[in-house]
Amino acid sequence: MRLAGIDAARGLALLGMMATHVFPTFESNAQLTPTWVGLVFSGRASALFAVLAGIGLALSTGKQQPLDGPRLWAARRGIALRALVIGAVGLTVGGLEVNIAIILVHYAVLFLCVLPFLGLDVKHLLVLAAGWVLVSPAMAFLLRPWLLAAEPPLQLGHNPVWEDLSTPAILLGDLFLTGYYPVFQWMTYLLVGLAIGRMALTSAAVPVLLLAVGAAVAVLAKWFSVVMMEDWGGRAQLQASLLDPSYPLESLLQVNLAGVDQTGSAWWLASSAPHSGTTLDLLHTSGVAAAVVGSFLILGRLVQGAGLDLLLPLRGAGAMTLTFYTAHLCAMASLSGQPLPSGWTVEGVYWAQAAAILAIGGMFAALAWRGPLEWVAHAANQLGRYQPARVR
């Protein structure tokens, strides 16, 4: 049985990611003043999406009691084949002419990388996630300059496409360390999600715990980063290390550091900026994700208790994210590089897509249908999990 709150949270993550694709995250002025979309959704929506992926994997592999033995290996095969479907979709849509960092190939690689940890219980997952969030950013900081100094640099500069399979070193360097969604650090989100999914999510106490602890971690991580950046002089040190002193570093630290070469100063590790991949960024966004999941689990219980399915459109969208995300990319590609049709606005583009997703998602959820790409991914998963009956 699917948890309505989990699907609804995934629907919110999808709508948040879409908002960062459609709306500007900076104002078009010299200071690049952050917009409300950039301040609210940048980095957080995609992190929520990844944490929910880990939760989904936990729910499909035993929930509180992880699978073991042949059943665990069957689940791993199924997830691997599902990841191949997601990766194939990602490599295909990667060729679209669209100014969007597409997450699907990274998402598929994350699924493959987390396979060894599917048999762990919640305690071991929490310890592993804590170690990963502390160590991986520092290791990435040390390794990234070496990868970028290679000839050619191990960085794509574009979304992965099928042709990039012919240069595996560059592709893997980009996917794991030098690209927009570095898998090496983003494994934190999958591990956090797995740990959350191994908890008793149907109980009354766990969602409240997720909300309280997640909010506390998110606030403390952001507060400590502000202290180091402003009170301890971190931002001044980073500003001095930039080649262009007029770079609006203050705005970038609030919205997105993905396009900044974070090398040359260890103060970059003190940032909590979205997409910086630092310990404080991973802690903040993981905390936000945990709090959102807890909130939606509580909301789901309240809605079910009232006998109303007010979350139907949102959870329907969340159950079809692969289909809707792909459709959204195609829609944005059709609008890329040309003026909007007469009478259309950026707001209209977003809300038209959001309304369509909620309406279609709600209909599919009411009819208990899978989306077309979800059906393919599910079939691949079932194929991988197949275990022929033993002859006695």
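The values are calculated or read from the model by the stated rules, or taken from the named source; none is laboratory data. Please read these numbers as outputs of a predicted model, since none were measured by experiment. Quick reminder, even Gly has a Cβ in these numbers, built from the backbone with ideal geometry, and neighbours come from all protein chains shown.
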Of the conditions (1) in a helix (DSSP H, G or I); (2) more than 22 Å from Ser272 (Cβ to Cβ); (3) more than 18 Å from the chain's Cα centre (by Cα), Gly131 satisfies every one except a single condition; which number is it? (2)
Boolean, Val293 is hydrophobic (A, V, I, L, M, F, W, C), within 18 Å of Ala8 (Cα to Cα), out of contact with any helix residue (DSSP H, G or I) (no Cβ under 6 Å at 6 or more places or on another chain) and buried (at least 18 other Cβ atoms within 10 Å of the Cβ): no
Pair list, Cβ < 9 Å and 6+ apart or interchain, from segment 225-241 residues that are on the phi > 0 side of the Ramachandran plot to residues that are in a helix (DSSP H, G or I) and of a type outside the set (Ser, Thr, Tyr): Gly233/Trp267
Given (1) touching a helix residue (DSSP H, G or I) at 6+ places or on another chain (Cβ under 8 Å); (2) buried (at least 20 other Cβ atoms within 10 Å of the Cβ); (3) of a type outside the set (S, T, N, Q), index of the condition Leu252 fails: (1)
Please return the ranges of helices (runs of 4 or more DSSP H) entirely within segment 41-115 where 1 or more residues are touching a Leu at 6+ places or on another chain (Cβ under 9 Å), of a type in the set (Lys, Arg) and farther than 27 Å from Ala333 by Cα. 69-93
Would you confirm, using the coordinates I've provided, whether Ser251 is in contact with a strand residue (DSSP E or B) (Cβ under 7 Å, 6 or more places away or on another chain), closer than 28 Å to Ser28 by Cα and polar (S, T, N, Q)? yes
For segment 204-219, state whether one or more residues are in a loop (DSSP other than H, G, I, E, B), more than 16 Å from the chain's Cα centre (by Cα) and on the phi < 0 side of the Ramachandran plot. yes
Do we find a residue being in a helix (DSSP H, G or I) and not hydroxyl-bearing (Ser, Thr, Tyr) anywhere in segment 148-156? yes
Give the residues of segment 15-30 that are at pLDDT 90 or above, assigned to a loop (DSSP other than H, G, I, E, B) and farther than 19 Å from Ser334 by Cα, sorted by residue number. Thr25
By residue number, the members of segment 261-294 that are part of a loop (DSSP other than H, G, I, E, B) and within 30 Å of Ile6 (Cα to Cα) are Ser271, Ser272, Ala273, Pro274, His275, Ser276, Gly277, Thr278
In the set Asp164, Asp174, the lone residue that is assigned to a helix (DSSP H, G or I), touching a helix residue (DSSP H, G or I) at 6+ places or on another chain (Cβ under 7 Å) and acidic (Asp, Glu) is Asp164
Can you find, within segment 337-383, the residue that is surrounded by the fewest Cβ atoms within 10 Å (Cβ to Cβ) among those that are of a type in the set (D, E, K, R) and closer than 29 Å to Val85 by Cα? Arg370
What number of residues in segment 322-373 are assigned to a helix (DSSP H, G or I), more than 17 Å from Leu104 (Cα to Cα) and among the polar types (S, T, N, Q)? 2
Does Gly38 satisfy the criteria of being assigned to a helix (DSSP H, G or I), within 30 Å of Thr345 (Cα to Cα) and touching a residue at least 24 places away in the same chain (Cβ under 8 Å)? yes
Answer residue from segment 82-100, given it is surrounded by fewer than 19 Cβ atoms within 10 Å (Cβ to Cβ) and in contact (Cβ under 8 Å) with a residue 40 or more places away in the chain and is farthest from Ala50 (Cα to Cα) among those: Glu97
Criterion first (surrounded by 24 or more Cβ atoms within 10 Å (Cβ to Cβ) and within 21 Å of the chain's Cα centre (by Cα)) does Ala19 satisfy it? no
Evaluation of Ala205 against (1) farther than 24 Å from Asp121 by Cβ; (2) free of Cβ contacts under 8 Å to residues at least 24 places away in the same chain; (3) surrounded by fewer than 22 Cβ atoms within 10 Å (Cβ to Cβ) (one fails), failing number: (1)
If I ask for residues that are more than 30 Å from Leu57 (Cα to Cα) and either touching a strand residue (DSSP E or B) at 6+ places or on another chain (Cβ under 9 Å) or aromatic (Phe, Trp, Tyr) (or both), which ones from segment 351-380 would you list? Trp351
